[in-house]
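Input: a single structure, listed below in structure tokens.
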Amino acid sequence: MANEEKIALTGDRPTGKLHLGHFVGSIQTRLKLQNESDMSFYMVADIQALTDNSENPDKVRNNVLEVALDNLACGIDPKKTTMFIQSQIPEIAELTVLFLNLVTLARLKRNPTVKDEMKQKGFGEDVPAGFLAYPISQAADILFCKSNLIPVGEDQLPVIEQVNEIVLKFNSLYGETFQKVKPVLSQTTRLVGTDGNSKMGKSLNNGIYLSDSYEEISKNVMNMYTDPKHIHVNDPGNVEGNVVFTYLDIFDDNKKEVEELKEQYKKGGLGDVVIKKRLIEVLEKLIKPIREKREELAKDPKKVMKILEDGTKKAREIAKETMIEVRKAVKIDYF
Ligand code: TRP
């Protein structure tokens, strides 16, 4: 089964608006791949969001529109990328049930991503079975349309590894049906939070959002973690672990000036306010067009929902075709 087609697929859990961490970690790669692949899919992973938000269906429902808006505002183009809602493709659920038999409980418990998330959420042994098994449903998200290029953040690599184990197991039991999939990482795989915490996260309250106003950006940058020992302007300062410089390195196009500022900061004589003001302008330049496009799109939510509806119909047709093949392979094609 030599398939040379490049099919990209990625998704977001609709649990909140997206931030700069999502932008550098995955959205930039999505934008690139929507132009470079033969087919491209974007999925709102509402079923996956419910695996740890079962008691909060309103939150998940309300954020479907928010994540779709964020992606459209960044440049995901529905003419190039099929945008759809996971729950509306029952074939994904069907495929998940078949995949569940191919993975052991021990293997699920060993997945480092899931382990970390379980710790973060304080689940312990009381983890919902659906949450523990989300890498299996993610395999179904990816394989129902035979996608093979998956833009993800670094934290999702163990999940993709598990997807490939499922591919191998399925093919060995039922015959060559699926291809191995490739994670596509961006240059910056992890963005520190404004507080210096290792990861920007919705629940950590340390994010800068793609919908943030100039005032919000300014406030967050002004509160950013720098070098706690750099108290007076003339004190020599540390640029390692200094969030303002970490962000300038990533977002400021003028690398030469950033290097000069770093030298000056290390010697002493450069105040935090100066570098923070520079960063505010750099981030505003990036976020302003996204925020404005988002505001425009948000005026007509029905239109955005229609994009998702049309994309879902298209994705479903593909899902049905795959399932005919899968049912035959598993020998459950009776009538
Ligand atoms: N687990 C991903 C995240 O938390 C979201 C996701 C769900 C996804 N299904 C996917 C990503 C399929 C890539 C492919 O970010």
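The values are calculated or read from the model by the stated rules, or taken from the named source; none is laboratory data. The structure presented is a predicted model; accordingly, all values stated were derived computationally and were not measured. Methodologically, a virtual Cβ is constructed for each residue, glycine included, from the backbone with ideal geometry; neighbour enumeration extends over all protein chains shown. In case anyone asks, the SASA skips ligands and DNA or RNA and just uses the protein heavy atoms, side chains included. Shrake-Rupley method; radii C 1.70, N 1.55, O 1.52, S 1.80 Å.
Distant-in-sequence amide contacts of Thr82, defined by a placed amide H-H separation under 5 Å and a gap of 5 or more residues or a different chain, comprise Ser40, Phe41, Tyr42.
Look at where the Cα atoms of region 96-154 and of region 307-335 average out, and the two centres are 22 Å apart.
Springs join every pair of Cα atoms under 10 Å in this Gaussian network model of the chain, and among Asp70, Asp212, Asp141 the largest mean-square fluctuation is at Asp212. Per residue, the chain exposes 50 Å² of solvent-accessible protein surface, assessed with a 1.4 angstrom probe and all protein chains in place.
Measure up Lys79/Lys146; Lys80/Lys320; Lys6/Lys169; Lys115/Lys313; Lys109/Lys320; Lys80/Lys302 against 24 Å on the Cα-Cα distance and list the ones that go over. All intermediate terms of the calculation are to be shown ahead of the outcome.
Details: Lys79/Lys146 20 Å; Lys80/Lys320 21 Å; Lys6/Lys169 22 Å; Lys115/Lys313 35 Å; Lys109/Lys320 31 Å; Lys80/Lys302 20 Å.
In this structure, Lys115/Lys313; Lys109/Lys320 exceed 24 Å between Cα atoms.
Rounded to the nearest 10 degrees, the inclination of helix 301-329 to the longest alpha-carbon principal axis of the chain is 40 degrees.
Taken one residue at a time, the phi angles of region 212-218 give Karplus couplings (6.51, -1.76, 1.60, θ = phi - 60°) of 5, 6, 4, 5, 5, 4, 4 Hz. Gly and Pro are set to x. For the chain, the share of alpha carbon pairs falling in successive 10 Å distance bins from zero is 5, 24, 31, 22, 12, 5, 1, 0, 0 percent. Under conditions of 25 °C and 0.890 mPa s, region 269-335 yields 146 µm² s⁻¹ as its translational diffusion coefficient, taking Rh as the Kirkwood radius over Cα pairs in the Stokes-Einstein equation. Ordering Ile332, Asn197, Leu72 by the projection of their Cα atoms onto the charge dipole of the chain, which places +1 on the Cβ of Lys and Arg and -1 on the Cβ of Asp and Glu, puts Ile332 at the extreme positive end. Calculated mean residue ellipticity at 222 nm for the chain: -16500 deg cm²/dmol, from DSSP H runs with n ≥ 4 weighted as -39500 (n - 2.57), summed, divided by the residue count and rounded to 500.
With the Cα gyration tensor of region 199-313 in hand, give its eigenvalues times 5 under a square root as the equivalent ellipsoid semi-axes, listed largest first in whole angstrom.
Values: eigenvalues 261, 38, 29 Å².
Square roots of five times the eigenvalues give 36, 14, 12 Å.
Using a simple charge model, +1 on the beta-carbon of Lys and Arg, -1 on the beta-carbon of Asp and Glu, nothing else, what dipole does region 239-328 show about its Cα centre, in debye to the nearest 20?
My answer is approximately 560 debye.
Could you check how much of the accessible area of the chain is carbon and sulfur, as a whole percent, using a 1.4 Å probe? Write out the running numbers ahead of the final one.
On the way: 8750 of 16820 Å².
About 52 percent, which is the carbon plus sulfur part of the accessible surface.
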